[in-house]
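Down below is the structure, laid out as structure tokens.
Each reported figure results from applying straightforward, stated rules to the coordinates on display, with no laboratory input. Every value quoted in this text rests on a predicted model; they were computed, and no experiment measured them. Here Cβ is always computed from backbone atoms with ideal geometry, including for glycine, and neighbour counts include all displayed protein chains.
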Amino acid sequence: MSKKFQPEPFKIKAVEPMYFVDAERREKAIQEAGFNTFLIKSRDCYIDLLTDSGTSAMSDKQWAGLMIGDEAYAGSENFYHLEEVVREYFGFKHLVPTHQGRGAENILSSITIKPGDYVPGNMYFTTTRFHQERNGATFVDVICDEAHNPDMDGVPFKGNIDLNKLQKLIDEVGADKIPYICLAVTVNLAGGQPVSMANIKEVSELCKKHGIKVMYDATRCVENAYFIKEREEGFQDKTVKEILFEMFSYGDGCTMSGKKDCLTNNGGFLCLNDDDLFLEAKAMVVQYEGMPSYGGLAGRDMEAMAVGIRESVEYDYIAHRVNQIRYLGERLDAAGVPMVKPYGGHAIFLDARAFLPHLDQEQFPAQALAAAIYRSSGVRTMERGIISAGRDVKTGEHHKPKLETVRLTIPRRVYTYAHMDYVADACIELYKNASSIRGLKFEYEPKVLRFFTGRFSEI
């Protein structure tokens, strides 16, 4: 039997009760949080779509893996299992475990970047750019122009690198000033948009010609591999595992947050092919994370990650994962709710500019919309616009991204289609009354990564 949206490909063995949060409690919670959804207590959220990072439901095999955690300080059996799995699925030579993805970002930036360097990439990500700038580099966005247009549907790979932009940067600053290109698969802040295999190969060829390393942000790499299978000619008959391996064969390493596509609640790693960089990374991980055989993780965390990588490439799982996002998108689209298209692999990104046309960008429309969604329904989402973009480190002025969005991020194997219906209904109802939503201003602005802990008040 063929069905557009297949049922969840899992049976539920344990449940966590959910409780509806009434309007009075929601109002108190959003006020106490300073209109920042990151500062709302989880017990005050009905459906939590803040992030897909560390919020996955682990499988029975992953939970069983926790019981064979080898918690030796050095030489844990679980490290060697994780190393074996990463080599099998990713193909990289060396593995350095870290407590999460930004631990890997910190190490990579510290061992490769010199003050005055430039790091091109297919759109910035918050913590990634922070570590690059902290080590003296300037991030340069070389993503294709289509990625900045939320309405442009029918572009299957809006995460692609614009090769002309990359070549222009090389010509202007010199390849010796570019330690690596950060190639995100998929591109989170573009709306979870994938990169084609053809583009990955072209980027690799151009970078090799100039002696520039290709380093992936591999956080949602399995979703990217699925989109290649679904959308790119010549890959329909290949497995997700085969596509994933080929993707990485064109690069020199990656940073990975295991809290996303590895289906775990904690962990990450850095992969490298270069022997000398690996020795530097090992020396640094001891200073900041722990022994190179655990990197700040318990043995059981590494075991769960190894099992999760294998499960993540199973077709039924990843097809359902992407189609659950698609289901929510189609419900919202049928009601005219503006969003980034095509739908990405981990979230629906509402277009806050179009949703709240009466607000200027400096009135923080995405932050205001995220607060309003929670206020009206108990659904927690997050801002991905001017607040997340932060300030220019040289001028102090706001970065003003073209995309001003609210991310409805779906945790893996946690919610059902019925939960998506509730989220859709809440957003549709709010859209009908969008003109009543007021802008926000800062009451407290942190110097870095302000979206995590900043506080706001209504204008």
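The table below gives the values:
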| read-out | value |
| --- | --- |
| Order of M197, M256, M305 under a 10 Å beta carbon neighbour criterion, fewest first | M197, M305, M256 |
| At 1.002 mPa s and 20 °C, Stokes D of the stretch 100-242 from Kirkwood alpha-carbon radius, µm² per second | 139 |
| Computed magnitude of the charge dipole of the stretch 60-312 (debye, nearest 20; Cβ of K, R +1, Cβ of D, E -1) | 280 |
| For peptides 111-117, 142-148, sequence by mean Cβ density within 10 Å, most packed first | 142-148, 111-117 |
| Simple spin-label estimate for E202 and Q6 in nanometres, 7 Å along Cα-Cβ | 3.3 |
| Quarter of Cα convex hull surface for the stretch 313-459, i.e. mean projection, nm² | 9.6 |
| Counting DSSP beta bridges with both ends in the chain, the antiparallel % (nearest 5) | 65 |
| Surface/4 estimate of mean projected area, convex hull on alpha-carbon atoms of the stretch 345-397, nm² | 4.7 |
| Considering only the stretch 60-312, percent of DSSP beta bridges that pair antiparallel, nearest 5 | 50 |
| Ranked packing of 275-282, 360-367, most packed first, by mean Cβ within 10 Å | 360-367, 275-282 |
| Geometric extent, Cα atoms of the stretch 60-312 - Rg, Dmax (angstrom) | 17.6, 54 |
| Protection-proxy order for peptides 438-451, 173-186, each taking the mean of Cβ atoms within 10 Å per residue, highest first | 173-186, 438-451 |
| Net charge dipole size for the chain [Lys, Arg +1 and Asp, Glu -1 on Cβ; Debye, nearest 20] | 720 |
| Of the DSSP H helices in the chain, those whose Cα atoms cover at least 27 Å axially and whose Kyte score averages 1.0 or more | none |
| FRET efficiency estimate (nearest 0.05) - Cβ-Cβ, D274 to A335, R0 51 angstrom | 0.50 |
| Radius, Kirkwood style, for the stretch 236-283 when every pair of distinct Cα atoms is counted (Å) | 12.5 |
| Which of G290, F278, L263, positive extreme of dipole for the stretch 246-386 (C-beta unit charges) | L263 |
| Relative intensity, log₁₀ I(q)/I(0), of the chain from a Debye sum that treats every alpha carbon as a point, q = 0.06, 0.09 Å⁻¹ | -0.24, -0.57 |
| Full-stretch length increase - A72, E443 - with 0.36 nm per residue and alpha-carbon distance subtracted | 128.9 nm |
